[in-house]
1. Of all residues in the stretch 128-137, count the ones that are hydrophobic (A, V, I, L, M, F, W, C) and assigned to a loop (DSSP other than H, G, I, E, B).
2. Between residues in the stretch 275-288 that are of a type in the set (Val, Ile, Thr) and residues that are in a loop (DSSP other than H, G, I, E, B), which pairs lie under 7 Å by C-beta distance while being six or more apart or on different chains?
3. Being closer than 30 Å to Glu105 by Cα and surrounded by fewer than 15 Cβ atoms within 10 Å (Cβ to Cβ) is the filter here; which residues of the stretch 42-61 pass it?
4. Quick check on the stretch 227-235. Is at least one of its residues modelled with pLDDT of 95 or more and either in a loop (DSSP other than H, G, I, E, B) or more than 21 Å from Asp173 (Cα to Cα) (or both)?
5. Test Pro109 against the criterion of being surrounded by 15 or more Cβ atoms within 10 Å (Cβ to Cβ), in the same structural domain as Asp145 (by TED's automatic domain parsing), under 16 Å from the mean Cα position of the chain (by Cα) and farther than 18 Å from Asn275 by Cα, and give yes or no.
6. Only one residue in His189, His198 is surrounded by 12 or more Cβ atoms within 10 Å (Cβ to Cβ), more than 28 Å from the chain's Cα centre (by Cα) and not charged (D, E, K, R). Which one?
7. List the pairs whose first member sits in the stretch 34-59 and is closer than 21 Å to Gln89 by Cβ, whose second member is among the hydroxyl-bearing types (Ser, Thr, Tyr) and assigned to a helix (DSSP H, G or I), and whose Cβ atoms are under 8 Å apart, counting only residues at least 6 apart or on separate chains?
8. Does Arg200 qualify as being touching a residue at least 40 places away in the same chain (Cβ under 8 Å) and not in a loop (DSSP other than H, G, I, E, B)?
Amino acid sequence: MNSVAPFAHEALFYRDEADFLSGTARFVADGVDHGEPVLVAVPEASIAPLRERLGPLADQVHFIDMTEAGRNPGRIIPGVLMAFSASTQQRFRMIGEPMWPGRTELEYPACVQHEVLINTAFEGREGVILCPYDATALPGHVLQDARRTHPVVIDGERRVASEWYTDPSALTDLYNVPLPPPPLGAEEHPFSVGTLAHMRKLVSAYAQGLRHEQAEDLVLAVNELATNSILHASGRGVLRMWREGDAVVCEVSDTGTGFPPSFTGLSGFGIVMVNLLCDLVRTHTSHSGTTVRVYLGR
């Protein structure tokens, strides 16, 4: 009888480059030795040292710069992890570092929600995902959240079941926190099914200054959010737009319960598409409704 669990989600706490290379190289080598497809998605600065450490084994590994592919935490599961695991029928092995020093407070809640969703998105799949955390540079609350979202924690030579691990259903609201209020100068436009076309024109005009393809992506993302409001909320909503530095920010609010937080079926396709199009997506749902805020051009 096979005693290997179908899926494992583990956190690796490392304290310096040597620690990182020791833990990740061993993980990768085990996968290659067992004939498993291996993905390494980490910040670019870590890729070259790991390639050197692996030697010839590196040619059998797929590397991705996580600071680019995963700059939006909500993009990592559908655009990186699911995309790789779907390409093989074998047991897979993946390293994904979603939380690195330099992540902003704005991005952090989405990082935690990403780690929570991994446990449900890959439940029953054949594979293992290892998530490195820089235990020296990251704040203590980040490591504590890692213990909550990973059933297993590896710290040095110790590999233990996390006593803090919490069932994903109980963590759903952990970082479902209110968003900072829009700035006073934000444009505000109520919409309904009859004004969707006009709303798209407003977004397109406001996105001037972004690259043409970015402006098109923003229009598509906001249209998806507004359509969801019309279909699943009260049939109407409010669009707000403003700029933060180089980014255009669009926010759609309604009285509904939001998109299903799932990457495993068609029910979650709308929010998956929005995450794939945008640089950051933040969501807050309360008893009064749902607000989804998207950033593009960051």
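The values are calculated or read from the model by the stated rules, or taken from the named source; none is laboratory data. Not measured: the values here are computed from a predicted model. Cβ coordinates were reconstructed from backbone atoms using ideal geometry, including for glycine residues, and neighbour counts include every protein chain displayed.
1. We begin by selecting, within the stretch 128-137, every residue hydrophobic (A, V, I, L, M, F, W, C); these are 128-131, 135, 137.
Now restrict to residues that are assigned to a loop (DSSP other than H, G, I, E, B): 135, 137.
Qualifying residue count, the stretch 128-137: 2.
2. Listed pairs, sorted by first residue: Val281/Asn72; Thr283/Gly258; Thr285/Asn176; Thr285/Thr257; Thr285/Gly258.
3. If the condition is that a residue be closer than 30 Å to Glu105 by Cα and surrounded by fewer than 15 Cβ atoms within 10 Å (Cβ to Cβ), then Glu44, Ala45, Ala48 are the ones that fit.
4. no
5. no
6. Numbers: His198 fails: surrounded by 12 or more Cβ atoms within 10 Å (Cβ to Cβ).
Testing whether each residue is surrounded by 12 or more Cβ atoms within 10 Å (Cβ to Cβ), more than 28 Å from the chain's Cα centre (by Cα) and not charged (D, E, K, R) leaves just His189.
7. Listed by first residue and then by second, the contacts come to Val40/Thr24.
8. Working: touching a residue at least 40 places away in the same chain (Cβ under 8 Å): no; not in a loop (DSSP other than H, G, I, E, B): yes.
So Arg200 fails the test.
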